[in-house]
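The values are calculated or read from the model by the stated rules, or taken from the named source; none is laboratory data. Remember, it's a predicted structure, so these values are computed and weren't measured experimentally. Using ideal geometry, Cβ is built from the backbone for each residue, glycine included, and neighbour counts are taken over all protein chains shown.
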Amino acid sequence: MSNNQSTNLGDQIVERVNTVSDALRNISGVKDVDIATAPRKTVWEDGKVKLYHFEREDKSRISTPVLVSYALVNRWEMMDLQPNRSLIRKLVSEGMDIYLIDWGYPTRIDRYKTLEDYILGNINDCVDFIRSEHNIDQVNLLGVCQGGTFSLIYSALFPEKVKNLITLVTPVDFDNKEGLLFKWAKDMDVDAIVDGFGGIVPGDFLNTGFDLLKPMNKTRKYLALPETMADQGKLMNFLRMEHWVADSPAQAGETYRRFIKEMYQQNKLVKGEFELGGRKVNLNNIKVPILTIYAKEDHIVPPDTTKPINELVSSKDKELMEFPGGHIGVFVGSRSQKVLAPAIAQWLAERDK
């Protein structure tokens, strides 16, 4: 081995030791990992479901409140992961009056909770609370991922209660051969899964499926862990994300069973065959202004599952917006702060009459 090679190897060893030393010092100094820190109040609740109202220091620029409906899968805290990467905080700072539904953590007692309970019950109750609280007839709806599918269904059934509708990375056309989730779900024996887990599907089971979509992502993440831990800022970002992933709630079995069968496997919503509470859900009933946002590199909800929304509604005022990133980047990426939240605020402000 030459002197230069020996020197380079020695430098690499010293650098690695310093990296590990910094990593150990940083991780030992972590006392707590806080997420979802935007100030809020619980203004309504029903069992495990809560409605939050995010506090503001001044009057909202957009007079009609916005109700956010997140997915049942994972937790809404992704929208408020940390102060400088919070879509919620940014929406509030852009002049919106934000309410958000927290679906809670279903347990075995909730295994028979249905789509009717979530949409005709919880969402409708929250909408009515806001309407009563503000003495208004309509609210703005912002539906995220599966929560966007719920918002579309709700808007089709209760068009008189919705002023403007925004869907964010929302699947509607489940006949998709691009996304692995959509392929897998086609042949899934969902009855065996729900019944095998005793009527309540664990969050860890769902997270395993998400990890398998891009298995090398997790491998690369952990291989880079020493370098990540050596940087205090990167370490806290990592821990917040891991906190969010580990906090995934279980799924009410009957809701999960029906959503997989009638959406992923039978694509009933697009076909006009989906019914809720005995009422046929026709997306053509949606006539309100609608902003449909998809992420160009989304591997969880591919763009082609979202884009048909604008073809299915009868709204004259409808806009399709492409976000230049992936599913998670919509919530925590720099473009979310610089581009997405201001665009949503501007779109609503122009229709705030």
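Descriptive notes on the structure:
- Selection status of residue 314, under 19 Å from the mean Cα position of the chain (by Cα) and at negative phi: no
- When 101, 62 are checked against the criterion of being closer than 30 Å to residue 191 by Cα and in contact with a helix residue (DSSP H, G or I) (Cβ under 9 Å, 6 or more places away or on another chain), 101 stands alone in meeting it.
- Residue identified as of a type outside the set (Val, Ile, Thr), modelled with pLDDT of 85 or more and closer than 23 Å to residue 81 by Cα among 239, 225: 239
- Contact map, segment 266-277: first residue part of a helix (DSSP H, G or I), second residue of a type in the set (Phe, Trp, Tyr) and buried (at least 16 other Cβ atoms within 10 Å of the Cβ), Cβ cut-off under 7 Å, separation 6 or more or different chains; pairs are 268/274.
- Cβ pairs under 7 Å, 6+ apart, first in segment 232-245 and within 10 Å of residue 35 (Cβ to Cβ) and in contact (Cβ under 8 Å) with a residue 12 or more places away in the chain, second part of a helix (DSSP H, G or I) and of a type in the set (D, E, K, R): 244/77
- Just so you know, in segment 290-341 the residues that are closer than 16 Å to residue 170 by Cβ and of a type in the set (Lys, Arg) include one that is modelled with the lowest pLDDT, and it is 296.
The rows are residues; the columns are (1) of a type outside the set (Val, Ile, Thr); (2) farther than 12 Å from residue 332 by Cβ; (3) in a loop (DSSP other than H, G, I, E, B).
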position	(1), (2), (3)
74	yes, yes, yes
77	yes, no, no
92	no, yes, no
95	yes, yes, yes
99	yes, yes, no
104	yes, yes, yes
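- In segment 212-230, the residues that are within 15 Å of residue 242 (Cβ to Cβ) reach residues that are in a helix (DSSP H, G or I) with C-beta atoms within less than 7 angstrom, at least six apart or across chains, in these pairs: 218/211; 228/234; 228/235; 228/238; 229/23; 229/26; 229/27; 229/235.
- Meets criteria (hydrophobic (A, V, I, L, M, F, W, C), surrounded by 15 or more Cβ atoms within 10 Å (Cβ to Cβ), at negative phi and in contact with a Ser or Thr (Cβ under 9 Å, 6 or more places away or on another chain)) for residue 239: no
- Meeting the requirement of 1 or more residues that are among the basic types (Lys, Arg) and farther than 19 Å from residue 74 by Cβ, the helices (runs of 4 or more DSSP H) wholly within segment 124-214 are 124-134, 180-186.
- When segment 207-252 is filtered for residues that are more than 22 Å from the chain's Cα centre (by Cα) and hydroxyl-bearing (Ser, Thr, Tyr), the ones remaining, listed by number, are 219, 222, 228.
- Test: residue in segment 42-57 that is in contact with a His (Cβ under 7 Å, 6 or more places away or on another chain), among the β-branched types (Val, Ile, Thr) and farther than 22 Å from residue 153 by Cα: yes
- Some residue of segment 173-194 being of a type outside the set (A, V, I, L, M, F, W, C), over 20 Å from residue 267 (Cβ atoms) and at pLDDT 95 or above: no
- Subset of segment 293-339 that is assigned to a helix (DSSP H, G or I) and in contact with a strand residue (DSSP E or B) (Cβ under 6 Å, 6 or more places away or on another chain) - its residue that is surrounded by the fewest Cβ atoms within 10 Å (Cβ to Cβ): 310
- Taking each residue of segment 195-210 that is more than 18 Å from residue 110 (Cα to Cα) and looking for partners that are in a loop (DSSP other than H, G, I, E, B) with beta-carbon atoms closer than 7 Å, six or more apart or interchain, yields 207/248.
- Any pair with Cβ under 8 angstrom, 6 or more apart, that starts in segment 89-113 at a residue that is closer than 13 Å to residue 72 by Cβ and ends at one that is polar (S, T, N, Q): 101/69; 101/122; 103/122; 106/251; 113/255
- Test: residue in segment 249-262 that is at pLDDT below 90, hydroxyl-bearing (Ser, Thr, Tyr) and part of a helix (DSSP H, G or I): no
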